[in-house]
Amino acid sequence: MKRTLCLVVSLSVFAAAAHSLVAGAPQPDPAREQRLAWFRDAKYGMFIHWGLYAIPGGEWKGRRIPGIGEWIMFRTPVPVKEYERLATEFNPVKFNADEWVRLAKDAGMRYMVITSKHHDGFALFKSKVSAYNVVDATPFKRDILKELADACARQNMRLGFYYSQAQDWHEPNGAGNTWDFGQDDKKDYDQYLRSKSEPQVKELLTGYGPVALIWFDTPRMMTPERGKRFTDIVRSTQPDTLIDGRLGTEGDYRSTGDNVIPSNASAEAWETPATINHTWGFRKDDTDWKSPGQITFKLVDIVSKGGNYLLNVGPTSEGVIPQASQDILRTVGRWLQSNGEAIYGAGPTPFGEELGESSARGAKNVRGEALVYPQTEWRVTTKPGKLYFTFFEEPRAGFPLPAMKNTVTRAYRLADRAPVEMKTENGRTVLNVERPIFDPMATVVVVEFEGGRVQR
Ligand code: H79
């Protein structure tokens, strides 16, 4: 009992100390920590980018438009009057919300986040403040978010909504559309925020049951005062709903850049949004998929650094998640079936030397973080009294554990509980991991030790 208490105290001291070291990180706040509890445990979520851009799929009038698929309107550029016509073609007859949620479950994902409205301004939900939505403007006429929310409720899955609060290329006063409406600094931006963005966020928080989080993005022109209007709407409507790190004012957790994985661990809550291929919204020509092994490495890497992995799929205009995405997700999901204990609810590495070597002379990257030459052989995650070593390559015969003062009591493979040979020499524990390695993609060895928390 005493030991547990001591652990909790020392962990929170650690968290508080780490908070004050990270510039721009949220201040410690007990209510926030409570809201974040499920998020910190969940670790792995499904991002869904779906909208009108799935119809052109990266091609406009026979011309290949480079870049991420959901930016095609901007990149071409396509005038609003012309882009709007896509709505009359949007009829994803193969859409089945329960199948999407089932896929996320099979994949081992613990939350889902879907684009309720991306930069193009088109809403996947019925809205009273803008007819530019799936129910009022398409032949499909079904409220996609409602169907997904109901399926999530049935299957016990948390659901969050991406909402592009600042950019809205459909609206004369929204940010981003200069080809129809001219420069942003000449616009009545607050008119757009008050008439569409704010009321639609309110609609999302009132019509779809509990909302796990709102995922704001690209906070252009979001002053603290404007940001606060959104925070107030969220907190006064659903106090448990999390706000991501891209509102423009302080959110509940830090969002990294798109596809950016930090080089080091941190105690604050954070999330990396990432693609399996290169685009978020469906593109016919992007078939450059990351392998299940690469995805598994990124997942373990992120968890070992204390973060969450929000991994994207881009369904087709028919409402089908590309088969390649499905296959990759299910393969990683099968690995999680036998190794999930190393992921869900697991804490970051108490070591750090496995992440890579810091460059000499304190070189820093563009974000001011120490430059690191990354290592990819193994990662470690933790729970009280347990270390989970995940090997992505066969470790050398006689793998020395990083130095720690605690006594190691047991080592075994997580997937089948087979004991792993170990010996302790001069206070240093050495593992002898069976060769050839059990699972060449990723083999987890659990190391149990005394004292609850690693002492170095
Ligand atoms: O929703 C996804 C992206 O659409 C969104 N964030 C993720 C989660 C995002 N918004 N902005 N960006 C990403 C940065 C976009 C940069 C680019 Fe481009 C868009 C590079 C190529 C297309 C802008 C237009 C810069 C060059 C052309």
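Of note:
- A straight chain from GLU369 to THR223 at 0.36 nm per residue would run longer than the Cα-Cα distance by 50.0 nm.
- Extension reserve of the GLU357-ASP240 stretch, reckoned as 0.36 nm per residue once the Cα distance is removed: 38.2 nm
- Simple label model, 7 Å out from Cα along Cβ direction - ARG102 to ARG154, nm: 1.0 nm
- Tensor-based shape of region 302-456 (alpha-carbon gyration tensor, a/c under 1.5 rounded, otherwise prolate or oblate): oblate
- Rounded to the nearest 10 Å², the accessible area of SER338 at probe 1.4 Å: 50 Å²
- Cα-projected label distance for THR206 with GLU377, points at 7 Å along beta-carbon direction, nm: 5.9 nm
- For region 104-178, the dipole from Cβ point charges (+1 on Lys and Arg, -1 on Asp and Glu) about the Cα centre works out to 340 debye, to the nearest 20.
- Toward the positive end of the charge dipole of region 194-284, with +1 on the Cβ of Lys and Arg and -1 on the Cβ of Asp and Glu, the farthest Cα among PHE282, LEU213, SER263 is that of PHE282.
- Debye log10 I(q)/I(0) at q = 0.13, 0.17, 0.18 Å⁻¹ for region 226-324, Cα point scatterers: -0.60, -0.89, -0.95
- Its alpha carbons give the chain an Rg and a Dmax of 23.3, 75 Å.
- FRET efficiency for the ASP185 to ASP416 pair, using the beta carbon distance and R₀ = 51 Å, is estimated at 0.25.
- Span-rule helices in the chain, defined as complete DSSP H runs reaching 27 Å or more along the axis (Cα) with Kyte mean at least 0.5: 2-21
- Karplus-based coupling profile of region 377-392, in residue order and whole Hz: 6, 7, 9, 9, 10, 9, 9, x, x, 9, 10, 10, 8, 9, 9, 9, with θ = phi - 60° in 6.51 cos²θ - 1.76 cosθ + 1.60 and x standing for Gly or Pro.
- Note on ARG428 and SER338: the model spin-label points, each 7 Å out from Cα along the C-beta direction, lie 3.2 nm apart.
- Spatially, region 404-448 and region 133-148 are offset by 52 Å when compared through their Cα centroids.
- Summing +1 for each Lys or Arg and -1 for each Asp or Glu among the other residues whose beta-carbon sits under 15 angstrom from that of ASP285 gives +1.
- Between GLU450 and ARG330, residue separation times 0.36 nm minus the direct Cα-Cα distance comes to 39.6 nm.
- Each of SER291, VAL430, GLN191 was placed along the dipole of the chain (beta-carbon charges, centred on the mean Cα), and the one lying farthest toward the positive end is VAL430.
The values are calculated or read from the model by the stated rules, or taken from the named source; none is laboratory data. All figures in this text were calculated on a predicted structure; none of them were measured in a lab. Using ideal geometry, Cβ is built from the backbone for each residue, glycine included, and neighbour counts are taken over all protein chains shown. Protein only, heavy atoms only, side chains kept; ligands, DNA and RNA dropped before computing areas. Shrake-Rupley method; radii C 1.70, N 1.55, O 1.52, S 1.80 Å.
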